[in-house]
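Report on the following structure.
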Amino acid sequence: MDKVKLNKYFERSLWVFHLNTGSCNGCDIEIVAGLTPRYDLERFGIKLVGSPKHADVLLVTGPVTSKMADRVRRVYEQTPDPKAVIVVGTCGTSGGVFYNSYNLKGPVDQIIPVDVYVPGCPARPEAIINGVLQAWIKLEKLREKMKVITPVK
Amino acid sequence: MLGLLETGSGFWSALIWVVIILVLSALIIYLRNKGEASYKKSTEQDKPFISGNPELSKENSHISASHIYWGFTEALKDYYNPLVKFHTGNINDYSGWIIVVTAIVLIIVGVSG
């Protein structure tokens with residue numbers, strides 16, 4: 001990706017809401033690692049927010065347990081459009097080692113539409129950052145589409 | 001009525017207040033229009049975020065004082081429970097307590113005085 005193209009996508013800050021749907025916390029720790037000084041995602045304007053109502057992107061970890069399925073759906077619906085969903089980790093992507101558990105409603109794409117998959121157990125911070133960038137590119141395309149349909153005043 | 005009212009310590013004008021209210025209203029409308037306009041009404045986007053949990057009815061979603069002081073009353077329940085039993089709601093009981101306590105106080109004062 002060249003510099004001009006990258007700058008185009010970095011016009012706006014990207015606010016991310018992290019949702020744990022039954023993860024072992026391995027992926028969650030790697031997400032936090034992405035915010036530490038070593039990777040420092042915030043220098044790109046990417047930051048975690050406390051409410052999906054403020055978010056552009058949903059970062060979902062975990063295989064979606066029965067109790068969480070309804071909550072995941074509700075959080076997705078509460079996120080304003082345009083939005084992108086990133087699944088971090090093998091569990092959210094395919095169910096992982098829990099794929100045939102009696103207590104799963106997932107993986108995530110059986111509950112809500114998913115845009116980017118970041119596999120790994122846990123996923124590396126570099127992979128998560130790459131996933132966020134992919135979601136960002138997709139989000140900007142969605143924004144362009146929305147501008148065509150409903151011009152921003 | 002709309003003129004300038006001067007007093008010894010200052011002045012008061014209804015017109016200034018009208019102008020201030022108009023300016024503030026314009027500012028509020030401007031800021032409100034800068035907000036997210038694309039949210040969908042009458043969907044989940046219209047409801048509060050309660051960690052993904054469904055919104056209860058307004059009657060059931062309030063937090064009562066007993067929630068706030070739960071730990072406090074739980075820790076002091078040995079003290080509170082007998083006090084709660086005293087509060088029967090019967091005025092005769094309360095009058096009886098006043099008479100008994102007054103009698104005890106008078107006895108103490110009489111004996112020591």
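Observations on the structure shown:
- Annotation for the stretch A:86-101: at least one member residue is among the polar types (S, T, N, Q), at pLDDT below 95 and in a loop (DSSP other than H, G, I, E, B).
- In this structure, B:Asn90 does not qualify as under 27 Å from the mean Cα position of the chain (by Cα), polar (S, T, N, Q) and outside the structural domain of B:Leu2 (by TED's automatic domain parsing).
- Per-region count, the stretch B:53-67, residues surrounded by 10 or more Cβ atoms within 10 Å (Cβ to Cβ) and more than 9 Å from chain A (Cβ to nearest Cβ): 3
- Matching entry among B:Ile29, B:Ile50 (being within 14 Å of chain A (Cβ to nearest Cβ), of a type in the set (A, V, I, L, M, F, W, C) and within 27 Å of A:Asn20 (Cα to Cα)): B:Ile50
- So B:Gly71, is it closer than 30 Å to A:Asn20 by Cα and part of a helix (DSSP H, G or I): yes
- Among the residues making up the stretch A:25-50, a single one is within 14 Å of chain B (Cβ to nearest Cβ) and either touching a strand residue (DSSP E or B) at 6+ places or on another chain (Cβ under 7 Å) or not in a loop (DSSP other than H, G, I, E, B) (or both): A:Val49.
- Some residue of the stretch A:68-85 being among the aliphatic types (A, V, I, L, M), assigned to a strand (DSSP E or B) and on the phi < 0 side of the Ramachandran plot: yes
- Any chance A:Ser101 is more than 14 Å from chain B (Cβ to nearest Cβ), surrounded by fewer than 17 Cβ atoms within 10 Å (Cβ to Cβ), more than 27 Å from B:Lys40 (Cβ to Cβ) and among the small types (Gly, Ala, Ser): yes
- None of B:Ile50, B:Ile29, B:Ile16 is of a type in the set (A, V, I, L, M), in a loop (DSSP other than H, G, I, E, B) and at pLDDT 85 or above except B:Ile50.
- The one condition in (1) over 30 Å from B:Asn33 (Cα atoms); (2) surrounded by fewer than 16 Cβ atoms within 10 Å (Cβ to Cβ); (3) of a type in the set (A, V, I, L, M, F, W, C) that A:Met146 fails to fulfil: (1)
- In the set (1) over 25 Å from the mean Cα position of the chain (by Cα); (2) at pLDDT 85 or above; (3) away from chain A (no Cβ under 14 Å), the condition left unmet by B:Tyr80 is number (1).
- Those residues of the stretch A:53-67 which are free of Cβ contacts under 8 Å to residues at least 60 places away in the same chain, in a strand (DSSP E or B) and of a type in the set (A, V, I, L, M, F, W, C), in sequence order: A:Leu58, A:Val60
- Among the residues of the stretch A:57-83, those that are more than 9 Å from chain B (Cβ to nearest Cβ) and surrounded by 23 or more Cβ atoms within 10 Å (Cβ to Cβ) comprise A:Val57, A:Leu58, A:Leu59, A:Val60, A:Thr61, A:Gly62, A:Pro63, A:Val64.
- The selection criterion, being free of Cβ contacts under 8 Å to residues at least 40 places away in the same chain, aliphatic (A, V, I, L, M) and in a helix (DSSP H, G or I), does not hold for A:Val132.
The values are calculated or read from the model by the stated rules, or taken from the named source; none is laboratory data. These numbers were taken from a predicted model, which means no experiment stands behind them. As a convention, Cβ positions derive from the backbone with ideal geometry for all residues, glycine included, and neighbour counts pool all protein chains shown.
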